[in-house]
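S.K.: Attaching a single structure in structure tokens format; questions to follow.
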Amino acid sequence: MAFLSLREYGLIGNQESGALVSRLGSIDWCCLPHMDSSSHFAHLLDDNQGGIFQICPKGDFTSEQTYIEGTNVLQTHFETPAGKGILTDWMPIEDYSRRDPVIHRKIEMVEGVIQWVMTCTPRFGYGAERAQAEKSRGGVLFRGSAPTDIALLTGTVPITIASEGRTASSLFEMKEKKCAEFSWLFGREKLKALTSPEQTVKFWKSWTHRCNAHLKHGVPGYGPQVHGAISTGLKTSVSPTQATGEPASPSPESRAETTCLFAGPWHDSVIRSSLVIKLMTSYFSGSIAESLTTSLPSLKGGSRNWDFRYAWLRESAFSIQALHQLGHHDEAEALFHWLSDTVTRDGADGLQSVYTLDGGKYLPERDLTFLSGYAGARPVRVGNIAARQFQLDTYGHVVLAAFQRFERFGKLPDGLWPKISEIAEYVAQAWRRPDRGPWEVRSKPEHFVTSKVMCWVALDRCIRIAEAMNQPVPNRWREEAAIVHRTICEQGYDQTQHSFVRAFGERDLDASVLLIPMVGFLPPDDDRVQTTLDALQGQLSEGALVHRYRGQDGLPEADGAHLLSSFWFVSCLALCGRTQEASDRLAELCSYASSLGLLGEQVDPSTGEPSGNFPSTSAHFALINAGIYVGIARGRKPVSGTLIGVPVVKPTSTSAAKPAKVAPKKTA
């Protein structure tokens with residue numbers, strides 16, 4: 001079977017594990033019992049030996065996918081010349097305490113008669129292990145060589161095992177109003193009963209953000225048409241009227257709908273983004289996986305294939321902000337406490353940029369040479385060497401999250417302040433070192449501008465917390481913060497290009513400097529911020545899409561357009577008061593989502609196709625934050641608390657500081 005576009009996949013999950021289900025009814029990617037466990041089905045990465053679990057009509061059919069409104073319960077609608085049927089896929093969340101590692105699949109006939117085919121061929125261990133099938137208690141038990149490689153397939157129709165003992169299948173005919181069910185369960189314990197999706201639907205609907213603009217959109221330009229129009233694979237142009245979301249003569253009812261911070265044509269994209277993020281949040285730890293997948297290439301056939309099934313500390317403050325503004329305070333607190341526990345355990349000198357979802361530090365990277373890769377893109381990797389990289393910006397993101405929490409509650413969790421102040425001491429001496437930068441480059445370390453900016457953030461926010469807590473502020477913190485600021489402004493800004501650059505001593509631009517106004521390093525109306533935006537637009541942008549950079553990074557091929565950077569650009573425009581431009585770009589960027597509202601890490605600008613690991617929680621978080629900043633720029637009020645960069649943080653004084661002599665491109 002040919003590889004499908006990523007936009008032809010839906011996401012299901014239960015906050016501990018998940019799966020990608022294609023519009024052809026196939027589960028092509030699923031790791032159990034956790035998102036960062038090894039796979040049961042990896043057809044996405046090898047269509048011969050990856051493993052697949054498919055349910056579809058026999059013969060010709062057409063299909064499309066939708067979610068039950070406000071949920072992560074997926075429905076694939078099939079139509080054949082003889083009838084219509086619906087396949088519903090979900091992972092059960094029946095209460096707030098259980099997350100069983102099971103997938104339920106229910107077929108319901110709508111009209112006519114359809115002959116259905118079910119095929120289940122698991123391959124444990126990312127396809128390395130051919131499972132052996134055997135009849136067991138009304139189902140089929142699949143075993144691998146490892147004790148944990150075991151799963152049970154059950155169904156309400158007869159299931160047969162192929163002669164080679166590796167595949168289970170079923171062929172059955174269904175008439176109107178009839179139904180059949182299958183389940184795939186990690187482990188050997190048979191389910192008591194096959195359940196309906198009603199409790200899971202109820203869970204998601206009770207959690208989803210609600211407001212007077214939610215789902216029922218009376219204002220022209222609101223609603224799902226922004227990402228729904230993308231099923232053609234082409235981006236949709238959005239008029240300025242749609243982008244502002246304001247009709248020429250709004251009715252009283254439509255005016256009432258504009259009170260939501262996220263009101264606009266991006267509203268449903270924000271809601272879907274929140275549902276993706278909730279699904280990708282570990283129920284037991286509070287950490288959030290960057291993606292469900294590994295090794296999906298940045299561009300088709302490329303080698304930029306990384307394992308993103310882990311939790312990064314980077315952008316944690318912005319993630320927490322997004323959750324609070326959506327009203328999901330419990331999730332925001334859970335994420336912060338995971339961050340706090342990690343910092344308390346590891347301290348400044350042991351802190352990593354990325355961890356397993358349960359907080360593990362060991363992420364050895366290896367190539368799975370036996371897999372052909374998505375559409376032939378190799379290598380396929382598991383693990384991530386970034387866990388062992390020196391990345392200075394991580395410290396700034398951690399302290400920024402602590403600062404935002406302190407501003408919200410007026411205190412920090414017990415025992416956290418000594419660890420945060422330890423970070424300030426560490427950064428005060430470590431900021432002069434080169435690092436791998438915010439993009440975790442595989443080339444040699446450099447003095448990346450954004451890494452230095454986040455070092456300033458770490459020092460600046462530690463000073464502010466200490467002052468508010470009436471704690472002594474070491475002079476060294478103030479002195480180093482001032483020196484860092486002055487050094488960045490002198491060595492990180494290119495007077496010829498009128499732009500901040502990627503690294504000291506370079507002329508290449510980098511979209512990560514968009515954080516400069518977002519974290520308050522410089523005010524948005526500073527001329528250097530304005531001219532940097534213009535330079536990035538000229539050199540790194542293709543329409544609303546923004547590339548991270550175009551310089552060398554140790555890898556041979558080009559990169560796709562980066563959605564996180566693209567949404568950051570929108571946030572900066574909004575902070576700078578360029579509200580209409582920000583609104584137009586935000587609406588256009590939402591059009592790159594799939595018809596289900598899912599975003600990948602990147603976009604191929606030549607085709608508009610999603611690329612990179614899928615879905616990407618950082619892209620979805622950035623969309624939400626862009627919606628926050630655009631909403632504020634349009635005069636709406638934040639739901640609660642203060643926002644990062646609003647109002648602009650006054651930088652630590654640099655008037656008496658001399659810039660440090662930091663040697664460009666000096667390796668560690």
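S.K.: Long-range amide H contacts for Lys178: which residues qualify at under 5 Å (H placed 1.01 Å from N, peptide plane, sequence gap of 5 or more or a different chain)?
M.R.: Amide H to amide H, under 5 Å and 5 or more residues apart or across chains, Lys178 pairs with Met109.
S.K.: Going by average Cβ neighbours within 10 Å, how do the peptides 2-8, 613-619, 356-362 rank, with the highest at the top?
M.R.: The most tightly packed comes first, giving 613-619, 2-8, 356-362.
S.K.: Could I ask something else about it? Set the Förster distance to 35 Å, then compute FRET efficiency between Ser206 and Arg366 from the Cβ-Cβ distance, nearest 0.05.
M.R.: E(calc), rounded to 0.05, equals 0.25.
S.K.: Any idea what diffusion coefficient segment 1-111 gets from Stokes-Einstein, in µm²/s, Kirkwood Rh on alpha carbon pairs, 20 °C, 1.002 mPa s?
M.R.: 148
S.K.: Return the inverse of the average 1/r over all pairs of distinct C-alpha atoms in segment 57-129, which is the Kirkwood hydrodynamic radius, in Å to one decimal.
M.R.: 14.4
S.K.: Roughly speaking, what is the stretch gain from Ala128 to Ala82, that is 0.36 nm per residue apart minus the C-alpha to C-alpha distance, in nm to one decimal?
M.R.: 12.6 nm
S.K.: To the nearest 10 degrees, how steeply does helix 617-633 sit against the main Cα axis of the chain, on a 0 to 90 scale?
M.R.: 60
S.K.: While we're here: Taking just the C-alpha trace of segment 373-494, give me its Rg and Dmax in Å.
M.R.: Rg, Dmax (Cα atoms, Å): 17.0, 59.
S.K.: Which cross-chain or sequence-distant (5 or more) residues have an amide H under 5 Å from the amide H of Ser136, H modelled 1.01 Å from N in plane?
M.R.: Counting only residues 5 or more places away or on other chains, the set is Leu141.
S.K.: Something else about it: Any idea what the relative contact order of the chain is, in percent, if you count C-alpha pairs under 8 Å spaced at least 6 apart?
M.R.: So the answer I get is 14 percent.
S.K.: Okay, next question. With a probe of 1.4 Å, find how much accessible area the chain has per residue, and write the answer as a whole number in Å².
M.R.: Using a 1.4 Å probe on heavy atoms only, each residue of the chain averages 36 Å².
S.K.: Something else: Each residue of segment 571-587 in turn: what ³J(HN,Hα) in whole Hz from Karplus with 6.51, -1.76, 1.60 and θ = phi - 60°, glycine and Pro shown as x?
M.R.: These are the phi-based 3J(HN,Hα) values: 4, 5, 4, 5, 4, 7, x, 8, 5, 5, 5, 5, 4, 4, 5, 4, 4 Hz.
S.K.: Set the Förster distance to 60 Å, then compute FRET efficiency between Gln495 and Asp330 from the Cβ-Cβ distance, nearest 0.05.
M.R.: Efficiency at R0 = 60 Å is approximately 0.80.
S.K.: Modelled label-to-label distance, Asp47 and Ile150, 7 Å Cα→beta-carbon offset: nm?
M.R.: So the label points at Asp47 and Ile150 sit 3.5 nm apart.
S.K.: I'd like the Karplus ³J(HN,Hα) series for segment 452-462: coefficients 6.51, -1.76, 1.60, θ = phi - 60°, whole numbers in Hz, and an x wherever there's a Gly or Pro.
M.R.: Karplus-based 3J(HN,Hα) across segment 452-462 equals 5, 4, 6, 5, 4, 4, 4, 5, 4, 6, 5 Hz.
S.K.: Note the angle between two axes, namely the Cα long axis of helix 416-430 and the longest principal axis of the Cα atoms of the chain, as a number of degrees from 0 to 90, rounded to the nearest 10.
M.R.: 60
S.K.: If you don't mind, there's one more thing I want to ask. For segment 87-181, which GluC sites (Glu not before Pro) are in a loop by DSSP, counting at most 14 other Cβ atoms within 10 Å?
M.R.: Glu164, Glu176
S.K.: Subtracting the Cα-Cα distance from 0.36 nm times the residue separation, let me have the gained length for Ile68 to Leu171 in nm, one decimal.
M.R.: Between Ile68 and Leu171, full extension yields 34.4 nm more.
S.K.: What part of the accessible area of the chain, given as a whole %, is carbon or sulfur when the probe is 1.4 angstrom?
M.R.: 51
S.K.: Apply 1/(1 + (r/R0)^6) to the Cβ-Cβ distance of Asp349 and Val113, taking R0 = 56 Å, and write down the FRET efficiency to the nearest 0.05.
M.R.: The calculated FRET efficiency here is 0.25.
S.K.: Please tell me which of these pairs span more than 30 angstrom C-alpha to C-alpha: Lys411/Lys444; Lys361/Lys444; Lys278/Lys419; Lys135/Lys205; Lys135/Lys175; Lys175/Lys278?
M.R.: Flagged as over cut-off: Lys411/Lys444; Lys135/Lys205; Lys175/Lys278.
S.K.: Same structure again: What Kirkwood hydrodynamic radius, in Å, does segment 354-431 give when the mean of 1/r is taken over all pairs of distinct Cα atoms and then inverted?
M.R.: Computed over segment 354-431, the radius equals 15.6 Å.
S.K.: Given points 7 Å out from each Cα along the Cα-Cβ axis, report the Gln537 to Glu164 separation in nanometres with one decimal.
M.R.: Placing both labels 7 Å along Cα→Cβ, they lie 5.8 nm apart.
S.K.: If the convex hull of the alpha-carbon atoms of the chain is projected onto planes in all directions, what is the mean projected area in square nanometres?
M.R.: 28.7
S.K.: Working out 0.36 nm times the residue gap between Glu407 and Glu479, then minus their Cα-Cα distance, what length gain in nm do you get to one decimal?
M.R.: Value of the extension gain: 23.5 nm.
S.K.: Within the chain, which cysteines find no other Cys whose Cβ is under 4.7 angstrom from their own?
M.R.: Among the cysteines of the chain, those whose Cβ sits 4.7 Å or more from every other are Cys30, Cys31, Cys56, Cys120, Cys179, Cys455, Cys462, Cys489, Cys572, Cys576, Cys590.
S.K.: Return one number: the angle in degrees, 0 to 90 and rounded to the nearest 10, between the long axis of the Cα atoms of helix 316-325 and the longest principal axis of the Cα atoms of the chain.
M.R.: Taking the Cα atoms of the chain, the angle to 316-325 is about 70 degrees.
S.K.: Counting each DSSP H run of 4 or more residues in the chain as -39500 (n - 2.57), what helix-only mean residue ellipticity at 222 nm follows after dividing by all residues, to the nearest 500 deg cm²/dmol?
M.R.: So the calculated ellipticity at 222 nm is -9500 deg cm²/dmol.
S.K.: Treat segment 483-617 as a sphere of radius equal to its Kirkwood radius over Cα pairs and apply Stokes-Einstein at 10 °C in a medium of 1.306 mPa s; give the translational diffusion coefficient in µm²/s, rounded to a whole number.
M.R.: Stokes-Einstein gives a translational diffusion coefficient of 103 µm²/s.
S.K.: Moving on. For the pair Ser606 and Phe284, how long in nm is the line joining their label points, each one 7 Å along Cα→Cβ?
M.R.: 4.5
S.K.: Segment 247-399: D in µm²/s via Stokes-Einstein (Kirkwood Rh, Cα pairs, 25 °C, 0.890 mPa s)?
M.R.: Once the numbers are plugged in, D ends up at 139 µm²/s.
S.K.: While we're here: Grab the alpha carbons of segment 484-557, take their convex hull, and tell me the volume per residue in Å³.
M.R.: For segment 484-557, the hull spanned by Cα atoms encloses 103 Å³ per residue.
The values are calculated or read from the model by the stated rules, or taken from the named source; none is laboratory data. Every value quoted in this text rests on a predicted model; they were computed, and no experiment measured them. With ideal geometry, Cβ positions are generated from the backbone for all residues, glycine too; neighbour counts draw on all protein chains shown. Protein only, heavy atoms only, side chains kept; ligands, DNA and RNA dropped before computing areas. Shrake-Rupley method; radii C 1.70, N 1.55, O 1.52, S 1.80 Å.
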